[in-house]
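Let me begin by presenting the structure, written as C-alpha cells, before commenting on it.
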Amino acid sequence: MIERKRILEMVCEAVDEMNETLPHAERLEKSEAAPLFGRDGRLDSLGLVNLVVAVEEKVRDAFSTEVSLTDERAMSHRNSPFRSLGAMTDYILHAMESSYAQAA
C-alpha cells in the first residue's frame, strides 16, 4: 500500500530543493493548501515544470515506478492537480494506485 504521507514528504523535499534557488520572498510554502500554480500560485510555468520533474524523479527513485504528472489525464482534470501541494499529492497517489491496480 502506498502511503500518502510518504508522497507528501517527497513533494515537500522537491519544494525544499526549489526554495534553495528562489529569493526568500518567492519561496513556496510547505503546507497542503499552499497554492502552486494559477491565480494565487507562486510558480510560473517554468517553475511548475521544474517542480514536476523533481517530484517525478523522487517518485521514480522511491517506488521504482514512473508517474507522469503532465499526462493527458492530469491536463483534463476540472480541478488542476497543480493548484496546491495537497492536490498534487492526491493526484500522484491516485495515479500510482491506478498503475498498480492495472499491473495486478
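Just from its helices, what would the mean residue ellipticity at 222 nm be for the chain, if runs of 4 or more DSSP H residues each count -39500 (n - 2.57) and the sum is divided by every residue, rounded to the nearest 500 deg cm²/dmol?
Value at 222 nm, helices only: -18500 deg cm²/dmol.
What ranking do 90, 16 get, fewest neighbouring Cβ atoms within 10 angstrom at the top?
On the way: 90 16, 16 13.
In order of increasing Cβ crowding within 10 Å: 16, 90.
Sequentially through the range 3-12, phi angles give Karplus couplings (6.51, -1.76, 1.60; θ = phi - 60°) of 8, 4, 4, 5, 5, 4, 4, 5, 4, 5 Hz, Gly and Pro residues having no value and appearing as x. Highest mobility in the GNM of the chain, judged by mean-square fluctuation with C-alpha springs under 10 Å and restricted to 17, 32, 57, is found for 17. Within the listed set 79, 50, 19, the Gaussian network model of the chain (springs between alpha-carbon atoms below 10 Å) gives the highest mean-square fluctuation for 79. With respect to the chain, whose longest principal axis is taken over its alpha-carbon atoms, helix 45-63 is tilted by about 40°.
Quick note: the coordinates plus some simple rules give every number you see, no bench work behind them. Because the structure is predicted, anything quoted here is derived from the model rather than measured. FYI the Cβ positions are ideal-geometry reconstructions off the backbone, even for glycines, and counts take in every protein chain you see.
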